[in-house]
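The values are calculated or read from the model by the stated rules, or taken from the named source; none is laboratory data. On a predicted model such as this, the values are computed, not experimentally measured, just so you know. Glycine gets a Cβ as well: all are built from the backbone with ideal geometry, and neighbour counts include every protein chain shown. The protein model used for the area step is the full one, side chains on, heavy atoms only, and it has no ligands, DNA or RNA in it. Shrake-Rupley method; radii C 1.70, N 1.55, O 1.52, S 1.80 Å.
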Amino acid sequence: MQHYDTIIIGAGHNGLICATYLAKKGQRVLLLEASETLGGLAATREFHPGFKAAVAHTVSHFSAKVARDLNLTAHGFDSPMVPMPTVGLNAAGEHVVLTGIGVDAEIIGVSAEDAASYRQYRQLLQRFVELLEPFWLKTMPRVGDTRWSSLLTFAQLGLKMRLLGKQDMGEFMRLAMLPARDLMDENFDSELLKAVLSWDGLIGSKMAPRSPNASVLTLLYRMSGELGGAHAIPSGGIESLVQALYSAATASGVEVKIGARVGRILIQGNSDGLKTTGVELADGEQINAARVVSSTDPQRTFLELVGVENLEIEFTNRIRRLRCDGYVAKLHLALDGLPNFTGLAKPDGRMIIAVDMDAIEFAFDDAKYGGYSQQPVMEIVVPSLRHESLAPEGKHVLSAHVMYVPYKLKGGWTEDARAALCQRVIDTVAVYAPQIKAQILHSELLTPQDLEQTHQVTGGHWHHGELSVDQMLMMRPTYEAAQYSTPIPGLYLCGAGSHPGGGLMGGPGHNAARKILE
Amino acid sequence: MVSIIQSPLVQHDAKQVLLPSPFHPRIEQHCLVKNWMSWNGYQTARVYDTLASEYFAIRSSCSVMDLTPMEKYRISGPDALSFLNRLVVRDVSALKPNRVTYVVWCNDEGKVLDDGTIFHLHQGEYRLCSQHHQLDWLLISSLGMDVSIVEETHEVAALAVQGPTAYSVLSAAGFDGLDQLKPFGILHTQLDGFEVMVSRTGYTGDLGYELWTNPSNALALWDALFGVKQRGLYDLRCIGLDALEMVRIEAGFIMPGDDFNTAETTVRAGHDRSPFEIGLGWVVNFDKPHFTGKQALLREKDRPIERRLVKLAVEGNKPPVDSFLYDGKKGRRIGTIKTQIWSPILKANLAMADVEYRNGKLPVQIWAEIYYQKELEWQVTWAQCRISDVPFWTHPRRSATPPQNC
Ligand SMILES: Cc1cc2nc3c(=O)[nH]c(=O)nc-3n(C[C@H](O)[C@H](O)[C@H](O)COP(=O)(O)OP(=O)(O)OC[C@H]3O[C@@H](n4cnc5c(N)ncnc54)[C@H](O)[C@@H]3O)c2cc1C
């Protein structure tokens, strides 16, 4: 029987990254992917003959360190990337446009006061981004652990806070849990600007502008990359990032198998306790390894692959209680030509449809009670503008993240329900791009439930589990499993459900590998 | 799959604070001093007439106690065995049908939540009896498993019949086939046309049985037993919880919640206890693949325990109520008495005590500082204590099969 040092479950970007780090250190690594494509939620797939799209459509904070460590440029990933403008759409064409990176950010379409506030706001946030910078690529201390190395991590935050100065320190403490709405109302007048700026703290989470929790922290997390919160599509598309990761993995000796669904993680128990011995594939084949690292979400990993009989009762209960219901649906349109948005020369930005924060809040209110809004809010890109091979010559792909679409719809996600939502979303887009309906060759709408099926992610959740204070940092996914190791010796986590969280960032994969190599 | 059935028998009467047991019409007649207390919400006698006569019924003739208030759960379904094996520290796979075993269960940190007994009623069907209410924990434990947990506390009437003449009394009452029933065995039988389950289990360290039946048969069962007394064959006495407390300490059985803080009720760190800390290391089975708390208990090998619950005989005749324990007369404080009784049969003060356990060793010397009153004047005295690593009292009758007919 073959024997591996490490088996990694799931070839999303985190699985690929973790595998590569381990293989580079000489480990024999087998990466098993259930589907026929690599990249997980970032996989590019054909949704209509000749038209392709990836669920994750832009990159905002992919770790520069990971790109460097794995030499991704040499493998075809263009880093740093060209940031795209973020556009707050207005039906009459009076858009708010944000360009540039970090403190050099520019703004068009708002009053001089708002523009000035925007610069100050960016500077303040940038200081906080730097404050948190050491945390994303670090293993969080274990709750109750008083060892020196753990305390050091806290000490670092303390020191960084001291360096901020008294006023900023106070501000940080105040803002960290502030609802997005209060932060925006304090700083700006333009309703459209407020909606756009709150967007990145909210998307992917079960949070709206008025929700208390950690939307500012989520925002700072997304601003942690070199793009300072701007988004980009690599010239070869999201596909080129996945391809580069795959190329780096195989170059360092990782063995990758697709169409290999893991059915069970093999665990043995004896008088020394439990031990992970390998995996069993859905077809019954067993493969041994000294350790198993799972990039699938925590609920799936523990409840399905490990099995509750191997877990402690309270731990199991915490995993079962993880909040994993996704609230983002995906719209893919195959278009006969380039869509024309009123007042935009070219739809090459990231376009947000949310006229004000109430629009976001009301859409959320509907979803909270199991419905979806008749005025859905969303983020749109036309990825084929940057990555031409996504569509046949002269044709285009429109990709939209639609909020808030509940995982559990009252009455269930029937064909009719999905079709009705799809129509509603298209109608909404058409308010800003009036000729678009005539250009549509095919449309596909993926609800969170569809994403759960197609991408093997519990709840179809963006982060594999809500990224909120109770499930963040040393609580992610839950204590006892927040340091990538788990209660079962030899079993580790490396996916978006672990610190720092989801998005195309690579933190969990990087941190898990470092923990394993410790 | 989890179901909870609410009993039709338990109807709440607003004027009735405590629930009457199915035996209550008879109990009420026997209970002369009306010294009631609540046991899991049931109206339960602390004492029926005099403590001494109840105690001696257990030790020298035959006692009857209403066990109905004890928490009972029916556990069945395809995953019943793996559910139990994950729940308790003992290996339940070894428990054959018609056998009973004593168990404890722990939280993730390996701290004891409660103790109880598992009855393997029929192949794959179990009853768990526990000291305290455990439904929440059992339901949480069942998530993700195909097992049914049904609380049946109110659906099963139970009596304990304990003492040297227990076998004779039951035989005289009409129970057949008890001669071959071994300790911890179960017999499904009939009495006057109704079903009764008899288990050879108890808490006295002597011969004893527990009888389990549908509440509708409760009074018939009671009358069959006390008919033996009426016919002048054997004496039989009801006993209350105070007499039980005496014999359970003599027999060395611990009481969660009294002798140690259960994990669920512990607020401050370090005040809960692992099985090893309460002297129940022998029920922990590290060989089975997994149970909740196993990893934490394995870690105790590296980080040895620092406290131990011990059985303590205390010299003299002053009751060491709540006494502090010292490593010498006026020495360093090393522990406290948790529960204590005067044992008439052994003529000694017996206690359960929590003491320091250093480097894997029990204290060499233990002295109790005892406060007592003389005509309302407080006095203090010192008494030397001796740890007993076996039950203070037991009798060969307890395990002889067939039981001696006396
Ligand atoms: C609708 C939506 C839109 C998003 N848009 C963006 C975006 O624009 N930009 C951005 O940065 N982030 C975006 N995200 C978030 C981002 O895509 C994810 O957080 C990230 O891709 C997670 O990566 P991962 O490697 O941790 O897990 P995944 O990408 O989910 O990979 C896990 C892999 O494990 C495999 N797997 C599961 N079970 C098994 C099994 N039993 N055996 C073998 N393999 C298995 C899966 O098939 C999958 O390939 C979006 C998320 C959603 C849901």
- Over the Cα atoms of the range B:40-103, what Rg and Dmax result, in angstrom? 17.5, 49
- Note on the structure: Kirkwood-based Rg/Rh on the Cα set of the range A:1-151 evaluates to 1.07
- Note on the structure: In degrees rounded to 10, the 0-90 angle between helix A:507-517 Cα long axis and the longest Cα principal axis of chain A is 20
- Item | Surface/4 of the Cα convex hull for the range B:165-236, nm² | 4.6
- For helix A:112-136, what angle does its Cα long axis make with the longest principal axis of chain A, in degrees from 0 to 90 and rounded to 10? 0
- Task: Could you pull the accessible area for residue A:348 with a 1.4 Å probe, rounded to 10 Å²?
- Result: 70
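May I have the convex hull volume per residue, in Å³, for the Cα set of chain A?
On the way: hull volume 74.8 nm³, N = 518.
It is 144 Å³ per residue.
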- Given backbone amide H placed at 1.01 Å from N, residues whose amide H is under 5 Å from that of residue A:441, ignoring those fewer than 5 places away on the same chain, are A:334, A:335, A:336
- Item | In sequence order, calculated HN-Hα J values of the range A:281-287 (Karplus, 6.51, -1.76, 1.60; Hz; x Gly/Pro) | 6, 4, 7, x, 5, 10, 10
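Loop by DSSP (not H, G, I, E, B), at most 16 other beta-carbon atoms within 10 Å: where is the longest site-free stretch of chain B for trypsin sites (Lys or Arg not before Pro)? Mind dumping the intermediate values first?
On the way: sites that count: B:15, B:34, B:231, B:268, B:301, B:329, B:330, B:332, B:347.
Value returned for the longest uninterrupted segment is B:35-230.
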- Query: Ignoring ligands, DNA and RNA, what accessible area per residue does the protein assembly as shown give at 1.4 Å, in Å²?
  - Reply: 40
- Message: Sort B:388, A:389 by heavy-atom solvent-accessible area, probe 1.4 angstrom, most to least.
- Response: A:389, B:388
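Using the structure shown, select from B:111/B:301; A:24/A:515; B:72/B:288; A:25/A:257 the pairs with a Cα to Cα distance greater than 18 angstrom.
On the way: B:111/B:301 15 Å; A:24/A:515 15 Å; B:72/B:288 25 Å; A:25/A:257 20 Å.
The answer is B:72/B:288; A:25/A:257.
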- Query: Taking Cα atoms, how many degrees apart are the long axis of helix A:237-251 and the longest axis of chain A, rounded to 10 and kept between 0 and 90?
  - Reply: 20
- Item | Overall dimensions of the range A:328-455 by Cα: Rg and Dmax, Å | 14.5, 43
- For the range A:41-56, take each phi angle, set θ = phi - 60°, evaluate the Karplus expression 6.51 cos²θ - 1.76 cosθ + 1.60, and give the result in whole Hz per residue in order, putting x for glycine and proline. 5, 9, 5, 9, 9, 7, 9, 7, x, x, 10, 10, 7, 10, 4, 7
- Message: If I take R0 = 22 Å and measure r between the Cβ atoms of residue A:133 and residue A:514 in this structure, what FRET efficiency does the formula 1/(1 + (r/R0)^6) give, to the nearest 0.05?
- Response: 0.85
- Task: No other cysteine beta carbon under 4.7 Å away is the test; run it over chain A and list who passes.
- Result: A:324, A:422
- Name the residues of the range B:110-155 whose accessible area, probed at 1.4 Å, falls by at least 10 Å² once all protein chains are in place instead of their chain on its own? B:137, B:140, B:141, B:143, B:144, B:145
- Query: According to the square roots a ≥ b ≥ c of the eigenvalues of the Cα gyration tensor, what is the shape class of the range A:102-148, taking rounded for a/c under 1.5, prolate for a/b larger than b/c otherwise, and oblate for the remainder?
  - Reply: prolate
- Taking chymotrypsin sites (Phe, Trp or Tyr not before Pro) in a DSSP loop with at most 16 other Cβ atoms within 10 angstrom as exposed, one finds the longest site-free stretch of chain A at A:1-368
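Averaged across the residues of B:287-295, what count of C-beta atoms belonging to other chains lies within 10 Å of each residue's C-beta?
Working: counts 3, 3, 9, 11, 4, 6, 3, 5, 8.
Across the residues of B:287-295, the mean count of other-chain Cβ atoms within 10 Å is 6.
Relative contact order of chain A: what whole-number percent is it, with Cα pairs under 8 angstrom and at least 6 residues apart? Don't skip to the end; give the middle numbers.
Numbers: 1159 pairs, mean separation 122.3, N = 518.
Answer for chain A is 24 percent.
Report the FRET efficiency, 1/(1 + (r/R0)^6), for residue A:25 and residue B:52, where r is their Cβ-Cβ distance and R0 is 56 Å, rounded to 0.05.
On the way: r = 76 Å, r/R0 = 1.36.
So the FRET efficiency works out to roughly 0.15.
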- Message: Which positions within the range A:292-338 get 40 Å² or more of their accessible surface covered by the other protein chains, compared to the chain by itself, with a 1.4 angstrom probe?
- Response: A:308, A:309, A:312, A:313, A:314, A:317, A:320
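Given 37 °C and 0.692 mPa s, how large is the Stokes-Einstein diffusion coefficient of the range B:142-272 in µm²/s, with Rh as the Kirkwood radius over Cα pairs?
Using the Kirkwood radius from Cα pairs, D works out to 193 µm²/s.
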- Message: Starting from the Kirkwood Rh over alpha-carbon pairs, what translational D in µm² s⁻¹ does the protein assembly as shown have by Stokes-Einstein at 37 °C and 0.692 mPa s?
- Response: 103
- Item | Intensity falloff of the range B:305-388 expressed as log10 I(q)/I(0), Debye formula with alpha-carbon point scatterers, at q = 0.14, 0.27 Å⁻¹ | -0.43, -1.36
- Item | Solvent exposure, largest accessible area first (probe 1.4 Å, DNA, RNA and ligands not counted), of B:266, A:250, B:292 | A:250, B:266, B:292
- Kindly provide the pair-distance distribution of the range A:203-358 built from C-alpha pairs, with 5 Å bins from 0 and whole-percent values in order of increasing distance. 2, 6, 9, 12, 13, 14, 14, 12, 9, 5, 3, 1, 0, 0, 0
- Please list, or write none, the lysines whose alpha carbon is within less than 16 Å of the alpha carbon of residue B:182, excluding same-chain residues fewer than 8 places away. B:96
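Quote the total accessible area buried by chains B and A together, excluding ligands, DNA and RNA, probe 1.4 Å, nearest 100 Å².
Working: alone 18540 and 20100 Å², together 36960 Å².
That pair of chains buries around 1700 Å² in total.
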- Message: Keeping all protein chains in the complex and leaving out DNA, RNA and ligands, what accessible area do you get for residue B:242 with a 1.4 Å probe, in Å² to the nearest 10?
- Response: 50
- Going toward the positive end of the dipole of chain B, with +1 on Lys and Arg Cβ and -1 on Asp and Glu Cβ, which of B:61, B:218, B:390 do you reach last? B:390
- HN-Hα J couplings of the range B:393-403 from phi, Karplus 6.51/-1.76/1.60, θ = phi - 60°, integer Hz, Gly and Pro as x? 9, 7, 9, x, 3, 3, 10, 5, 10, x, x
- Task: Take A:99, B:394 and sort them by solvent-accessible surface of the protein heavy atoms, 1.4 Å probe, largest at the top.
- Result: B:394, A:99
- By the gyration tensor of its Cα atoms, with a ≥ b ≥ c the square roots of the eigenvalues, what is the shape of chain B: rounded for a/c under 1.5, prolate for a/b over b/c, or oblate? oblate
- Enumerate lysine pairs in the range A:328-455 that are 8 or more residues apart or on different chains, then count those whose Cα atoms are under 20 Å apart. 10
- Express in Å², to the nearest 10, the accessible area of residue A:275 obtained by rolling a 1.4 Å probe over the protein heavy atoms while all chains stay in place. 120
